[in-house]
Amino acid sequence: MITDQINQVEQRIKNLQQSMNAELESLLSQLQHLKELAAIANPEALVRRGLVKEQTIKVERNAWAHIPEVLKVVDVQEILKIGKPQAYDLVASGQFHCIKFGRRWLIPKQGFIEWLEGSQE
């Protein structure tokens with residue numbers, strides 16, 4: 001009778017160890033995945049650590065030829081690959097010249113390009 005109880009307790013301990021080991025492996029895997037996502041989301045950190053080289057992208061003027069002379073918020077959204085609320089916040093922030101025409105925002109292409117390339121004075 002007592003040996004049965006000892007065997008049951010030993011079996012419960014083994015089951016608990018297996019469960020804890022599986023949970024620890026799962027948590028460590030999740031932690032590694034989150035670290036990888038953080039590195040992707042923060043490429044500057046990778047540059048600082050010397051894991052990748054910083055790259056400068058030069059945009060040629062003719063690269064903007066297909067863009068209309070007057071942009072709408074949806075155009076800003078598509079160019080910057082941001083969400084609609086972020087695009088409206090950016091346009092309303094006054095960082096580049098915009099014209100509010102009724103409920104519509106109009107953005108001159110040239111001013112937007114200068115802001116985007118950092119050449120706005």
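Data overview
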| quantity | calculated |
| --- | --- |
| Tally of residues being among the hydroxyl-bearing types (Ser, Thr, Tyr) and assigned to a helix (DSSP H, G or I) across the stretch 68-121 | 1 |
| Some residue of the stretch 101-113 being open to solvent by less than 70 Å² (accessible area, probe 1.4 Å), of a type in the set (Gly, Ala, Ser) and within 16 Å of residue 63 (Cα to Cα) | yes |
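The values are calculated or read from the model by the stated rules, or taken from the named source; none is laboratory data. This one's a predicted model, so the numbers in the text were calculated from it and none came from an experiment. Heads up: the accessible areas ignore ligands, DNA and RNA and are worked out on the full protein's heavy atoms, side chains in. Shrake-Rupley method; radii C 1.70, N 1.55, O 1.52, S 1.80 Å.
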